[in-house]
Amino acid sequence: MVWGLYKIRDILVKVSWVWVVGVVLWVAGESVARAGEAEGEKGPPPVGCRYETTTLASAAEGSGSTVGIPFPDGDVFRPLFADPKQPQTFATLQAVRNRDSKISATVGSVGFGENFGFYSRRQGCNGWQVGLLAGVFSQFDMNAPSTDLINTDYVVGFPVSWRSGLFSTRVRLYHQSTHLGDEFVLHNPGVGRVNYSYEEGEAILSLDVPGGWGRLYAGGGYLLHREPANLDRLKVQAGVELRGPTWSSGPIERFVSGPLVVTPVLGADFKTFE
């Protein structure tokens with residue numbers, strides 16, 4: 001258990017730079033916004049573009065004016081929440097089966113990350129955005145007495161996103177490096193360390209279902225650089241997301257002293273490599 005605690009501490013130290021970048025961008029964005037307000041240049045009221053609705057459709061048309069937004073909130077392309085390598089904060093418990101050894105294991109997977117917008121030009125919900133993505137993803141063997149760290153992936157890249165009505169797309173160039181956990185290597189002497197990293201160009205096209213209850217997406221990627229050289233270069237990706245009705249509970253909101261809504265979601269993400 002001590003080994004596991006030390007590794008968790010090391011991971012938290014290594015991912016702190018992600019949050020430092022986020023704080024710096026947020027402070028810079030606040031400074032720009034306040035400077036604009038001081039000069040009497042107030043931007044348009046925020047528009048909720050997270051899911052397609054009748055309100056979103058009218059907001060997407062806007063008043064006909066296109067505005068530039070430095071350090072915008074959110075993105076015109078909604079994150080793929082079922083993608084295990086989508087930069088976001090999560091914790092999951094998974095049942096994993098090794099293809100070669102046919103051994104099953106319970107794995108705890110955690111992620112820390114975010115997509116930070118640099119600049120966006122929008123007309124309502126339509127427009128484009130450029131930014132920075134960064135994330136760290138780790139897997140732990142929950143069957144081991146010390147919850148061994150199996151692996152940690154580091155991801156950093158630059159996304160460009162675009163939306164027009166129900167259609168949205170994201171193109172990104174990113175780097176990923178993978179590092180085996182010390183406990184995993186110690187407990188598996190037959191496994192050797194390999195420098196595993198690559199740079200990938202990726203494009204995803206998404207279609208929202210009218211009414212906001214669903215979404216389909218598909219795309220692919222190509223490894224521009226890879227180590228080791230036998231990694232598959234081509235990737236095809238597709239997925240679906242379903243969103244149920246949003247509801248709130250008065251007793252729960254009183255307990256947390258603030259607004260709280262719950263939305264059931266279901267997502268599936270599929271990838272194949274060649």
Under the Karplus relation 6.51 cos²θ - 1.76 cosθ + 1.60, θ = phi - 60°, what is the ordered set of whole-Hz ³J(HN,Hα) values for the range 189-206, x standing for Gly and Pro?
-> x, x, 9, x, 6, 10, 6, 10, 7, 7, 10, 10, x, 9, 9, 10, 10, 10
Please get the size of the charge dipole for the range 76-177, origin at its Cα centre, with Cβ charges of +1 on Lys and Arg and -1 on Asp and Glu, quoted in debye to the nearest 20.
-> 560 debye
Grab the beta carbon distance between Thr246 and Asp73, set R0 = 30 Å, and tell me the FRET efficiency rounded to 0.05.
-> 0.95
Taking the dipole about the Cα centre of the range 104-204, with the C-beta of Lys and Arg at +1 and of Asp and Glu at -1, give me whichever of Phe112, Ser168, Leu132 is farthest to the positive side.
-> Ser168
Find the centroid of the Cα atoms in the range 69-147 and in the range 165-193, then give the distance between the two in whole Å.
-> 12 Å
Placing +1 on each Lys and Arg Cβ and -1 on each Asp and Glu Cβ in the range 136-202, then taking the dipole about the Cα centre, the residue among Ser177, Val156, Asn143 whose Cα reaches farthest towards the positive end is Val156
Net charge dipole size for the range 194-248 [Lys, Arg +1 and Asp, Glu -1 on Cβ; Debye, nearest 20] | 160 debye
Note, the range 215-231: 3J(HN,Hα) by Karplus (6.51, -1.76, 1.60, θ = phi - 60°), whole Hz, Gly/Pro = x, goes 7, 10, 8, 7, x, x, x, 9, 6, 6, 9, 8, 8, x, 6, 8, 5
Here the range 84-89 yields Karplus 3J(HN,Hα) values (6.51, -1.76, 1.60; θ = phi - 60°; whole Hz; Gly and Pro given as x) of x, 10, 7, x, 6, 9
Estimated FRET transfer efficiency when R0 is 30 angstrom, pair Leu205-Ser65 (beta carbons, to 0.05) = 0.65
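Read-outs: derived from the displayed coordinates by stated rules, not from any lab. None of these values were measured; they are calculated from a predicted model. Every residue, glycine as well, gets a Cβ built from its backbone with ideal geometry; the counts of neighbours run over all protein chains shown.
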